[in-house]
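Working notes for the structure below.
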Amino acid sequence: MGNLLMKNGIAKEIEKNMWALMLIILFFSIGIVLGVYTVKYMNSYDMNNLNDYFSLFLQSLKEKSFDNRELIIEAVKNNFIIILVIWGFGFTILGIPVILITNMIKGYTLGFSFSFIIVSMGYKSMGFALLALMPQNLIYVACIIIISVYSFNLSLEKIKNRFIKTSHYTNSKNVVNYLYCFIVIALIMFMGFFIEGVFTPGILRHIISK
């Protein structure tokens, strides 16, 4: 019974936010496509430089002992700033374009990284790319999209309030829910930081040492 109610609640939430969700996913997907095409049409000079850098990274991965704490901190810097930007702009009337562009940038970085690994190492590296990028990014992307939907709606509400005044109670309730959502999303993202900082380096080292 509890699972059914939860599923119904999730389904209603998705249905209520469907058009915002689809728009965000569209921009994220555009970013992925742009990232893939950037690698595809990159000139040989830039590609060779990136290949050299990537080769050095793989070599250091074999030889060096990484500080997991530093890797986690780096993962936080690279990803937590994204939800902070999205969350912060949700309080403004400028939030909608910033949220969409931020999702497109995240999609671009994923598309570029995934495509570059495959082009650099060949299609046999598909497993490498999946293990290097997918586990933590499944968490990151889900969290970014969820907070983006809430931010999008709050920003849209700010725009509507410019023309139609709503009750102060409704606005305060939405802000409290928004803050609660951010806290939950932040906690979930730390699972991704932990995976990226602790498990991913060991898995990659095991793969490339074979």
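Read-outs: derived from the displayed coordinates by stated rules, not from any lab. Since the structure is predicted, the reported quantities are computational estimates derived from the model, not experimental observations. Cβ atoms come from the backbone with ideal geometry, glycine included; neighbour counts cover every protein chain shown.
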Between Lys16 and Val184, what length in nm is gained on full extension when 0.36 nm per residue of separation is reduced by their alpha carbon distance?
58.5 nm
Ordering of 148-160, 23-35 by burial proxy (mean other Cβ atoms within 10 Å per residue, highest first):
148-160, 23-35
Taking K and R as +1 and D and E as -1, what net charge do the other residues with C-beta under 14 Å from the C-beta of Phe114 add up to?
+2
Around Ala75, under 12 Å between beta carbons, what's the net of Lys plus Arg minus Asp minus Glu among the other residues?
-1
